[in-house]
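What follows is a single structure, written as structure tokens, with notes after it.
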Amino acid sequence: MVLLIGLGLVQIAGLTIHALDRMDVQRMAQTRDAAVRVISMYRSVVLAPRERQAAVVAEFDLRDGATVWLSDLPIAEPLPVMDPAAQRQFRGAMLLVPVPVEQRPREFVLRGGADAEHIAVALRLPEGSKWLNATLEMPPPRPWHSQNFFSAFMMMTVTAAVLTLWAVRRLIAPVATLAAAAEALGRNVNAPPLPETGPLEIATAARAFNTMAGRIRRFVLDRTFMLTAIGHDLRTPITRLKLRAEFLEDDELRAKMLADLDEVEAMVASILSFGRDVAADEPVTPVDLPELARTVLDETADAQPDFAERLSYSGPDHLTVRVHSLAMKRALSNLVQNALAYGGNACVRLVPPEAGQLILVIEDDGPGIPAIELERVFQPFHRVENSRNRETGGSGLGLPIARNILRAHGGDVKLINREGGGMRATVILPV
Amino acid sequence: MSSETAPTSGVMPHILVVDDDRETRELLARFLERHRFRVTAVRDSREARRVWPLGHFHLIILDLMLPGESGLEFARWLRGFSDVPIVMLTAMGEQTDRIVGLELGADDYVPKPFNPRELLARMRAVLRRVGEPAEARAEASPRTLRFSGWTLDLARRRLLNPDAVEVPLTGGEYDLLVALVERANRVLTRDMLLDLLRGRQAGPFDRAIDVAVSRLRRKLDDNGRQSQLIKTVRGGGYVLAADVERA
């Protein structure tokens with residue numbers, strides 16, 4: 001844009017210079033033309049016999065509104081005396097006209113010129129005191145008067161604009177590619193590397209970007225590996241503890257211990273699934289989404305029969321979507337669990353697809369959370385201030401996992417406080 | 001290495017436990033002995049191969065993650081000449097292990113860390129299946145079961161509708177449906193179904209079965225006035241009325 005404005009300014013400046021130059025040239029040509037005419041008339045008059053002079057003047061073939069006459073006095077009014085610069089120019093022009101020296105005028109008066117549209121010249125005839133007066137039209141210069149000028153100018157402008165645009169595009173394209181690659185890396189750490197081609201600076205930038213992406217990838221892999229290792233190492237002690245608990249004579253103690261161990265196991269499982277790459281784990285298959293949602297609710301009800309009455313689904317009975325089935329189930333399950341933990345109930349509503357995406361909302365009637373927390377709860381291990389969630393055994397990973405999974409599907413999930421109380425988790429999924 | 005043997009008795013099933021953690025092994029042995037099993041416990045597949053000919057085992061509990069030869073390789077070796085039931089212990093959520101394990105002919109899998117009582121329930125269910133008529137066992141470990149246009153993908157634990165779209169099931173619903181389909185056109189008693197759901201449900205089991213069946217009927221589009229696919233047998237239990245194709 002800046003470049004185009006600059007280009008426009010340059011064109012205007014060029015045009016002005018051209019116009020001024022052309023005006024000068026036109027003026028000069030007019031002056032010379034006028035000088036030639038005046039000198040040749042003077043010559044004709046001088047060469048004629050004295051008594052024929054008036055007749056010669058009358059016979060001049062005058063065009064362009066010029067007038068010529070003989071008089072005793074040089075022309076005076078109404079034109080002002082010509083300014084010195086123009087006088088010099090005119091005198092110079094008269095000197096250039098090739099005539100014998102004796103036929104040159106000795107004395108003359110110049111009037112008009114400059115901005116006036118005509119000039120007047122008075123020349124004293126050699127013998128006697130007669131003056132030859134002439135007025136000549138000097139049309140104002142017309143700088144634009146050229147048939148080719150306009151088209152040539154337009155062609156130049158358009159060519160310059162096109163070339164500028166092309167060059168700018170060429171320079172900017174790699175930057176756009178870089179931006180797209182950074183965006184893709186944010187969504188998928190295994191996005192393909194940038195081609196390291198093009199101008200030197202661009203290739204260097206691409207190489208640096210690829211190196212950075214590689215480091216991030218390694219970092220993510222390390223993290224995944226570490227989490228998986230932790231998960232595996234915890235398996236053995238948890239298994240032992242569960243077996244040991246079976247030997248406790250106190251039934252209540254045993255039940256509580258097993259419940260604790262289940263909780264530990266659930267946390268480890270959620271850490272594992274947070275570290276895991278959704279797409280690498282299972283293929284995309286067609287799944288009946290409403291049944292998936294109902295199954296999630298049924299499983300929740302089976303696990304927590306006290307809440308069975310506070311879970312509901314509404315929406316179409318069948319709708320096929322292509323997703324990572326287990327991952328999607330986990331995402332919905334986490335959202336339902338979250339609603340249950342914070343709000344004490346969960347209403348799942350499916351809005352049929354429109355414009356290529358479907359919306360699934362999970363609502364509860366709880367107190368909601370402060371607006372500032374609505375995004376923060378998607379950060380791993382973040383806990384809302386004064387959270388009562390601790391007692392429900394959340395790992396702090398439920399919502400981050402849900403968002404990871406949905407984003408891996410090209411969708412997303414957002415939380416809002418509903419008007420009139422309660423929370424709403426809105427899931428958007430492309431179909 | 002360590003092997004513990006309960007007092008010999010003709011009716012007590014003999015279990016071979018293969019797990020590399022000594023504590024787990026010993027605890028599991030003690031736990032199972034308490035529940036009237038005879039247990040031999042070994043630490044890896046080398047020892048398992050050694051003790052295999054020495055006892056008549058009714059069931060093997062096999063950890064997939066073993067030092068040296070993996071549990072999968074051992075299972076492959078064993079399947080070469082024996083169809084003794086195998087219950088595999090897999091890592092949490094490692095789908096591939098489970099799928100490969102089931103393809104190799106494991107009868108069931110339990111993710112580790114397991115709930116001892118759930119393991120017990122699975123073992124009993126597997127042993128009961130073994131005790132059934134031979135033809136049911138002979139056709140065991142198919143990869144898919146087809147009935148009335150529906151497909152059960154046993155490796156991935158999925159139900160596919162006639163359009164090959166997955167219809168998600170809860171764990172209990174899946175086990176129930178597999179039991180019904182495997183014994184199609186035969187009545188399943190409440191006792192058998194209870195075993196399947198035990199350890200999964202927190203609520204009262206009796207009601208849970210009815211609830212699971214009604215959900216299954218809904219998911220199978222079988223909830224008209226008169227259910228055609230899963231029929232209720234008065235006083236007895238349920239029967240799946242369909243021809244089943246195994247592949």
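The values are calculated or read from the model by the stated rules, or taken from the named source; none is laboratory data. Predicted model, so just to flag it, every value in this text is computed and none were measured. As a convention, Cβ positions derive from the backbone with ideal geometry for all residues, glycine included, and neighbour counts pool all protein chains shown.
Name the single residue, out of those in region B:156-194 being modelled with pLDDT under 85 and within 12 Å of another protein chain (Cβ to nearest Cβ), that is surrounded by the fewest Cβ atoms within 10 Å (Cβ to Cβ).
B:171
If I go through region B:20-38 residue by residue, how many of them are within 14 Å of another protein chain (Cβ to nearest Cβ) and over 19 Å from the mean Cα position of the chain (by Cα)?
13
Do you know which residues across region A:282-303 are more than 7 Å from every other protein chain (Cβ to nearest Cβ) and either at pLDDT below 85 or under 24 Å from residue A:404 (Cα atoms) (or both)?
Result: A:283, A:284, A:289, A:290, A:293, A:294, A:296, A:297, A:300.
Looking only at region A:310-337, which residues are more than 10 Å from chain B (Cβ to nearest Cβ) and not in a helix (DSSP H, G or I)?
A:311, A:312, A:313, A:314, A:315, A:316, A:324
Just one of A:191, A:213 is small (Gly, Ala, Ser), not in a helix (DSSP H, G or I) and not assigned by TED's automatic domain parsing to the domain that holds residue A:398; which is it?
So the residue among A:191, A:213 that is small (Gly, Ala, Ser), not in a helix (DSSP H, G or I) and not assigned by TED's automatic domain parsing to the domain that holds residue A:398 is A:191.
Being facing chain B (nearest Cβ under 8 Å) and either surrounded by 12 or more Cβ atoms within 10 Å (Cβ to Cβ) or in a helix (DSSP H, G or I) (or both) is the requirement here; does residue A:252 meet it?
Answer is no for this residue.
Conditions (1) touching a helix residue (DSSP H, G or I) at 6+ places or on another chain (Cβ under 7 Å); (2) assigned to a helix (DSSP H, G or I); (3) surrounded by 14 or more Cβ atoms within 10 Å (Cβ to Cβ); (4) in contact (Cβ under 8 Å) with a residue 12 or more places away in the chain, marked per residue:
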| site | (1), (2), (3), (4) |
| --- | --- |
| A:14 | no, yes, no, no |
| A:20 | no, yes, no, yes |
| A:27 | no, yes, yes, yes |
| A:30 | no, yes, yes, yes |
| A:35 | yes, yes, yes, yes |
| A:42 | no, yes, yes, yes |
| A:45 | yes, yes, yes, yes |
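For a quick check of your reading: which strands (runs of 3 or more DSSP E) sit entirely within region A:67-185 and have at least 1 residues that are at pLDDT 80 or above?
Those strands (runs of 3 or more DSSP E) span A:67-71, A:118-124, A:131-137.
Checking the conditions here, which among A:362, A:369 is outside any loop (DSSP other than H, G, I, E, B) and either surrounded by 21 or more Cβ atoms within 10 Å (Cβ to Cβ) or of a type in the set (A, V, I, L, M) (or both)?
After applying the criteria, what remains is A:362.
Taking region B:40-63 as the search range and keeping residues that are in contact with an Asp or Glu (Cβ under 6 Å, 6 or more places away or on another chain) and within 14 Å of chain A (Cβ to nearest Cβ), which one is surrounded by the fewest Cβ atoms within 10 Å (Cβ to Cβ)?
B:43
Might you check whether a residue that is away from chain A (no Cβ under 14 Å), modelled with pLDDT of 80 or more, over 28 Å from residue A:242 (Cβ atoms) and not in a helix (DSSP H, G or I) occurs anywhere in region B:83-106?
yes
Of everything in region A:338-349, what is away from every other protein chain (no Cβ under 14 Å) and either touching a strand residue (DSSP E or B) at 6+ places or on another chain (Cβ under 6 Å) or part of a helix (DSSP H, G or I) (or both)? Give them in sequence order.
A:338, A:339, A:340, A:341, A:342, A:343, A:346, A:347, A:349
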